[in-house]
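The values are calculated or read from the model by the stated rules, or taken from the named source; none is laboratory data. What you see is a predicted model, and the numbers here were worked out from it, not measured in a lab. A quick note on method: Cβ atoms are made from the backbone with ideal geometry, for glycine too, and the neighbour counts reach across all protein chains shown.
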Amino acid sequence: MQLTRRAALVGGAALASFACGAHAGADPLHIAVTKGPGCECCDGWAKHLRANGYSVSVTESDELDSVKEKLGIPADLRTCHTGQLGSYLLEGHVPAAAIAYLLREKPEGLTGLAVPGMPVGAPGMEVKGAQPQEYAVILFGTAGRKEWAKFKGLDRIT
């Protein structure tokens with residue numbers, strides 16, 4: 001019930017924000033990131049989002065698990081940070097290309113996107129000299145969950 005109420009309250013703002021962001025010269029869409037204190041990979045993800053045209057604010061919290069619980073993020077998808085874009089949730093090192101899909105297609109019954117774990121090469125998880133790992137971007141929400149695509153680094157491979 002809490003997720004439905006939250007979606008109803010925030011949904012209109014998300015649609016208005018998206019519609020405004022579609023016009024040339026409009027303010028960029030805003031992603032509010034909550035992360036654990038001192039986590040540098042989270043800052044790297046925020047940098048990736050900014051480089052792809054999003055406005056980003058970052059808040060550190062010692063109560064990250066409580067935040068994720070309140071938002072309804074499944075325990076097995078949780079990572080070191082959570083982004084909120086209107087009524088959508090972004091868990092982990094989600095590439096900007098996946099976020100663009102989310103905003104463009106608006107899949108029914110979708111709460112958000114997640115990249116479980118901390119795969120090397122995902123946005124914010126780049127390691128100089130290391131080969132990027134293959135990782136999945138998961139769609140999750142009231143309609144269940146499914147793998148949307150696989151990436152290697154920033155490249156979509158499926």
Output yes when any residue across the stretch 97-117 is buried (at least 16 other Cβ atoms within 10 Å of the Cβ) and touching a Cys at 6+ places or on another chain (Cβ under 7 Å), and no when none is. no
Scanning the stretch 130-156 residue by residue, the ones that are over 12 Å from residue 97 (Cα atoms), of a type in the set (A, V, I, L, M, F, W, C) and either in contact with a His (Cβ under 6 Å, 6 or more places away or on another chain) or at pLDDT 95 or above (or both) total 5
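For every residue, the table says whether it meets (1) surrounded by 14 or more Cβ atoms within 10 Å (Cβ to Cβ); (2) out of contact with any Cys (no Cβ under 6 Å at 6 or more places or on another chain); (3) within 14 Å of residue 138 (Cα to Cα); (4) not β-branched (Val, Ile, Thr).
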position	(1), (2), (3), (4)
38	no, yes, no, yes
56	yes, yes, no, no
74	yes, yes, yes, yes
89	yes, yes, yes, yes
From the option list 34, 59, single residue qualifying as modelled with pLDDT of 95 or more, in a strand (DSSP E or B) and more than 13 Å from the chain's Cα centre (by Cα) is 59
Give the number of residues within the stretch 6-31 that are at pLDDT 95 or above and within 20 Å of residue 70 (Cα to Cα). 1
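For residue 108, state whether it is farther than 18 Å from residue 79 by Cβ and either without any contact (Cβ under 8 Å) to a residue 60 or more places away in the chain or not β-branched (Val, Ile, Thr) (or both). Before the answer, list the steps.
On the way: farther than 18 Å from residue 79 by Cβ: yes; either without any contact (Cβ under 8 Å) to a residue 60 or more places away in the chain or not β-branched (Val, Ile, Thr) (or both): yes.
So residue 108 passes the test.
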What pairs come out if I take residues in the stretch 45-61 that are closer than 13 Å to residue 97 by Cα and of a type in the set (A, V, I, L, M) and pair them with residues that are at pLDDT 95 or above and surrounded by 15 or more Cβ atoms within 10 Å (Cβ to Cβ) whose C-beta lies under 6 Å away, six or more apart or interchain? 49/31; 49/56
